[in-house]
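All remarks here apply to the structure that follows.
Please treat every number below as a calculation from the coordinates, not as lab data. Keep in mind that this is a model prediction, so the values were computed, not measured. Neighbour counts run over all protein chains shown; Cβ positions are idealised from the backbone, glycine included.
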Amino acid sequence: MTELSSLFGPTFFPIVVFAFATLSVAGVTAAVFYPRLAQPSSFKRRFQGLATADAEAGAAPSADEERDRRRSVEKTLRELEEKQKAKSRKAGKPTLSGRIRQAGLSWSTKRYYIACAVSGAASLLLAFVSGAGMLVSLGFAVAGGLLLPHLYVGMLRKRRFKGFTAEFPNAIDVIVRGLKSGLPMGDCLRVIATEAQEPVRSEFVSIVQDQTLGIPLDEAVQRLWERVPLPEANFFAIVIALQSRTGGSLSEALGNLSKVLRERKKMSAKIKAMSSEAKSSAGIIGALPFLVSAAVYVTSPDYMSLLFTTLTGKLVLVGCALWMGMGILVMRKMINFDF
């Protein structure tokens, strides 16, 4: 101590004690009065209150707008569902001119009836030349005249729908990329109507022509579903109708639709692959009686001729044909999958 006193002087220790006492008093005072000192001023409190009120007022309308938009979407979906139910009955049973149009043919109804007459005459001539009686030949003529043109149009119609289903997701992707790049919807439809493959190109040409005549976009797309009664066209019409009435990002909605259509295509291919074995088995079972009958007729014609020359044999043939037809229809129902 004497050494420190001699080193710093006699006033060193009183100064140190005074400094520590001052710091202690300042610490106690700050601890007591800190809550009041930490509170913002009245100006800051008022400013913060106004800012909080403005934020709450801005958040409330956004929630109300979201609720109103949700209700509008639900209302629009109900209206579209009612319209789809009313129109699906008509689309499920198209007229003769509608089936010809869906098959991609430029025939008129008069030309179709001419084709029926020609098919009937060809069937009559073929049956008569093969040695059948006049009554049997007339039956073949009626069946050929009614069935052959109908089956031909149905085959082309099914092929055209299949081509539309395969090409339609690519058309949706073109619309999505065009919208994201800044093109209007009308220009995207014109691009598809110019560069897409058939039958998508001709259908979008009809949409563009309808818009040129002043028909709104949602109604023009709805006509697409009436011309091509497929789920893919129906989904597209619903998306366009919802966007035109409730707003939203059309490119995002169509992008999701494209993904859905491609997933449906993958599912269809998977179902086809999984059911191929059942279809092959059904084909073999259905063809086996005819193949066995032909083989027996070749080896023993006298044994099989009784079925064609006697009344009992003809009745047996009719019964076998009925049972075979029922079995084939049942197998066809079992191996055809819908999704």
For the residue pair Leu135 and Arg177, what label-to-label distance in nm results when each label sits 7 Å from Cα along the Cα-to-beta-carbon direction?
6.7 nm
For the stretch 131-228, what is the relative contact order in percent, using Cα pairs closer than 8 Å and at least 6 residues apart in sequence?
18 percent
A correct fewest-to-most ranking of Phe140, Phe204 by other Cβ atoms within 10 Å would be Phe140, Phe204
Among Cys320, Cys116, Cys188, which comes first, second and so on when ranked by fewest other beta-carbon atoms within 10 Å?
Cys320, Cys116, Cys188
